[in-house]
Amino acid sequence: MTKVNQRHQKILLIFLENQAISSSGVFSELSKIGEELALVTVKRMLSQMAKLGLVVVSGSGPSTAYEISVLGRLVVNVDAKKYCAIEPDRRYGLSSYNFELFPALSSEIFLENELKKMEDATAEYRKRTSGISSAIHKKEIERLVIELSWKSSKIEGNTYTLLDTEKLILENKEAVGHSKEEAVMILNHKNAFNFIHESKTKFKTLSRSNLEELHSFVVKDLNVGLGLRKKPVGVLGSKYKPLDNVHQVNDAVEELSRAVSRMETPYAKALIALLGISYIQPFEDGNKRTSRLMADALLLAHNCAPLSYRSIDEAEYREAMLVFYEVNSLIPFKKIFIEQYDFAAHNYSAK
């Protein structure tokens, strides 16, 4: 993936808020934020950014204008908390599905230093899981499943505590004062994880078939229709509206499958699957839960550490996801993914 310097980042942020803008307009906006550059320097930077594919150029001469490209959107470093503090209808992001997004993804979305951190974590994970006893393996799987089921459900508003979740999964005891649906949601996580753990060969990449099968585990007994949705869905707190046509939803899933298949590393496959499923919202409900489990399925299929999300801040997770929905930037969620992968690789032995 293209590494973008700080000045280019500032210019990309200007494009997000101004759409098509001239070089003199960029010069003026940079001056407002204290970047005192000569106009000729700004023009040179815009030319460099065009060559890198970060901006699109239209017109010529005095009518030349620039706007952010799909690649530019993917790599722009947006402050997720600041962006989400703005009222949804006043945000500068996109409100509809970007058909150019998945085709624009390069085969590697991590920078060299990011990839090294995850490869080092994987080496540690494989070292720790090599030759462990079946008893320890069982305990580690139980711990991972409990923490994943708890936190993934909590991200969706489930009010079970970690201790409640442990009792439910290990002793089948439902917590007092909680709905039956909350217990079912958590147990479905356990069953879905067991499925992907025991069916690793099915998840070398993402397909409509394995996606729908995984989703059926996630929403079992929750009164959610199976298969691709045929009705519109909304996203709470977002101006983004997912596709509302089942044929387009199907095409989007196929495009996502192609994108995941061409990713060079298991980490890129997992991250794009996680973000892509959430972005498309292919099902009536259970999309984000399915996305997290699909990411783990892809990681497990390539002998990498599965994520539990135990240490994630739920608000930070939602904000980063909203930035991907509306801006299409990978950066905030990629940071979360790397941190969670490093945590998982050093804390679990679920081979």
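The values are calculated or read from the model by the stated rules, or taken from the named source; none is laboratory data. Please read all numbers here as calculations on a predicted model, not as lab measurements. All Cβ positions, glycine included, derive from the backbone under ideal geometry; neighbour counts span all protein chains shown.
Set side by side, the residues Ala104, Ala192 differ, and just one is touching a helix residue (DSSP H, G or I) at 6+ places or on another chain (Cβ under 7 Å), in contact (Cβ under 8 Å) with a residue 24 or more places away in the chain, aliphatic (A, V, I, L, M) and surrounded by fewer than 18 Cβ atoms within 10 Å (Cβ to Cβ), which is Ala104. Do the conditions hold for Ser149, that is, is it surrounded by fewer than 18 Cβ atoms within 10 Å (Cβ to Cβ), of a type in the set (S, T, N, Q) and at negative phi? For Ser149, the condition - surrounded by fewer than 18 Cβ atoms within 10 Å (Cβ to Cβ), of a type in the set (S, T, N, Q) and at negative phi - is not met.
Looking only at segment 43-61, residues that are touching a residue at least 24 places away in the same chain (Cβ under 8 Å), at negative phi and outside any strand (DSSP E or B) come to 6 in all.
Only residues that are touching a residue at least 60 places away in the same chain (Cβ under 8 Å) and outside any loop (DSSP other than H, G, I, E, B) were counted in segment 230-247, giving 1. Residues that are farther than 27 Å from Ser149 by Cα, assigned by TED's automatic domain parsing to the domain that holds Leu274 and among the small types (Gly, Ala, Ser): does segment 239-253 have at least one? There is at least one residue in segment 239-253 that is farther than 27 Å from Ser149 by Cα, assigned by TED's automatic domain parsing to the domain that holds Leu274 and among the small types (Gly, Ala, Ser). Given the structure, is Glu124 in contact (Cβ under 8 Å) with a residue 24 or more places away in the chain, charged (D, E, K, R), assigned to a helix (DSSP H, G or I) and in the same structural domain as Arg292 (by TED's automatic domain parsing)? Yes; evaluated as a whole, the condition is true for this residue. Could we say that Glu140 is acidic (Asp, Glu) and farther than 16 Å from Leu307 by Cα here? No, not satisfied.
The residue pairs whose first member lies in segment 15-40 and is assigned to a loop (DSSP other than H, G, I, E, B), whose second member is surrounded by 14 or more Cβ atoms within 10 Å (Cβ to Cβ) and at pLDDT below 90, and whose beta carbons are closer than 6 Å, counting only pairs six or more residues apart or on different chains, do not exist in this structure. The C-beta contact set for segment 154-165 (first residue within 16 Å of Tyr309 (Cα to Cα) and surrounded by fewer than 18 Cβ atoms within 10 Å (Cβ to Cβ), second residue among the hydrophobic types (A, V, I, L, M, F, W, C) and modelled with pLDDT of 95 or more, distance under 6 angstrom, 6+ apart or interchain) comprises Leu162/Trp150.
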